[in-house]
Amino acid sequence: MSFNGYKDTVRDGDTVVLYLTISQIYSIKAQSKANNKKNLEVENVFQTPYGALKCGELIGKTFGSKISLSKGWGYILQPTPELWTITLPHRTQIIYTPDISIIIMQLELRPGSVLIESGTGSGSLSHAFIRAVKPHGHLYTFDFHEVRSKTAREEFDDHGLGQYVTVDHRDVCATGFGDNLIGKADAVFLDLPHPWLAVPHATHSLKQTGGRICSFSPCIEQVQKTCSELSKLGFQEIETMEVLQTQYNVQTRQIPVLDLDFLKTAKSDATEKKEKEVHKTLTAIPPAQQPGHTGYLTFATLYPSWTRKCLDNQHIIYENTLE
């Protein structure tokens, strides 16, 4: 489907992003029929502020093309993880693009990586993870809510991403990630109320060659408990950061030009004229208000198993030296 690589034209059943304005972006299904609330098949019509759109008419159109509505027009765009994050139906609170970009970079994900995610939620981050690890990698995502797990699985299949992801309904804090994932993962991501309970299970799931872990938590108390557990289990390079996106307004400003040599002498007509001269410069104006808090990102590295043994021996030798 349209999420699995780029294509030129819209096909029947594709998810399409309808762009009207910068604040009016929607995801719609390019199909002629749809089921209403009474589960009856009706014509698939999407109502917009600029008129109704018959979704079946999108089939065969080129992505990026302009479409006419009764009161205006819009553009049909190829869906991407970034656009999906903006338009997806919220089942839970989601993680947005500024945090997603840092998470993917810090977890060192690449095509072929095996990644564990908990919890799945609305699938915002999951779509970005899949794009980062496909075509040869795989995402194993878990959620303790059975309905959310089922909905996410159907969504991934509908977007043509089912071959790159395995969705499971499981309480990973209590039962872990499963025996089939012991020593299989390159990285683990946790978005849980009690992430420190899942850290021991993540340790067993990471490869013997080591790996990276990330925990997203809104409260600093959660971060403190998670960092304590990570340190106890031998994780290194533990760091916590907060990503705040700041949008600067680029403007041309006029700056008065003063000639200090003229100011030392008595004022004349020429002096008056000189003081009124201005210089135009391009500058960036910071916003009047800073963005609010979203969450803390805690990252850590688990070194290869043979390295961890060396570090343990060095620690024992160091403690004996102190004694």
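The values are calculated or read from the model by the stated rules, or taken from the named source; none is laboratory data. Keep in mind that what you see is a predicted model, and the values were worked out from it rather than measured. Because the Cβ atoms are built from the backbone with ideal geometry, glycine has one as well, and the counts that use them run over all protein chains shown. Areas reflect the complete protein model, heavy atoms only, side chains present, ligands, DNA and RNA absent. Shrake-Rupley method; radii C 1.70, N 1.55, O 1.52, S 1.80 Å.
Within region 16-32, the residues that satisfy the criterion of being open to solvent by 10 Å² or more (accessible area, probe 1.4 Å) and in a loop (DSSP other than H, G, I, E, B) are Ile22, Ser23, Gln31, Ser32. The residue list Val114, Val133 contains one member that is open to solvent by less than 10 Å² (accessible area, probe 1.4 Å) and modelled with pLDDT of 95 or more, which is Val133. Among residues of region 98-114 that are touching a residue at least 40 places away in the same chain (Cβ under 8 Å), those with a Cβ under 6 angstrom from a residue that is acidic (Asp, Glu), sequence gap 6+ or separate chain, pair up as Ser113/Asp186; Val114/Asp186.
In region 284-321, of all residues being of a type in the set (Ser, Thr, Tyr) and modelled with pLDDT under 90, the one that is surrounded by the most Cβ atoms within 10 Å (Cβ to Cβ) corresponds to Thr294.
Could you tell me whether any residue of region 2-15 is assigned to a strand (DSSP E or B), within 16 Å of Gly72 (Cβ to Cβ) and open to solvent by less than 30 Å² (accessible area, probe 1.4 Å)? The answer is no, given that none of the residues of region 2-15 is assigned to a strand (DSSP E or B), within 16 Å of Gly72 (Cβ to Cβ) and open to solvent by less than 30 Å² (accessible area, probe 1.4 Å).
Residue count for region 160-184 under the criterion of being at pLDDT 95 or above and over 25 Å from Arg212 (Cα atoms): the result is 0. With the requirement that a residue be at pLDDT 80 or above and either farther than 30 Å from Tyr96 by Cα or in contact with a His (Cβ under 6 Å, 6 or more places away or on another chain) (or both), what does region 250-277 give you? Result: Thr252, Arg253, Gln254, Ile255, Pro256.
Got at least one residue in region 194-207 being surrounded by fewer than 23 Cβ atoms within 10 Å (Cβ to Cβ), aliphatic (A, V, I, L, M) and in contact (Cβ under 8 Å) with a residue 40 or more places away in the chain? No, region 194-207 contains no residue that is surrounded by fewer than 23 Cβ atoms within 10 Å (Cβ to Cβ), aliphatic (A, V, I, L, M) and in contact (Cβ under 8 Å) with a residue 40 or more places away in the chain. Is it the case that region 34-56 has a residue that's closer than 20 Å to Ile130 by Cβ and either surrounded by fewer than 16 Cβ atoms within 10 Å (Cβ to Cβ) or among the charged types (D, E, K, R) (or both)? No, region 34-56 has no match at all.
Residues of region 37-59 include none that is touching a Pro at 6+ places or on another chain (Cβ under 9 Å) and in contact (Cβ under 8 Å) with a residue 40 or more places away in the chain.
Checked against the criterion of being closer than 24 Å to Leu297 by Cα and either loosely packed, with under 13 Cβ neighbours inside 10 Å or modelled with pLDDT under 80 (or both), the candidates Glu229, Glu237 yield just one match: Glu237.
Looking at region 176-184, can you tell me whether even one residue there is part of a helix (DSSP H, G or I) and basic (Lys, Arg)? The answer is no; no qualifying residue exists.
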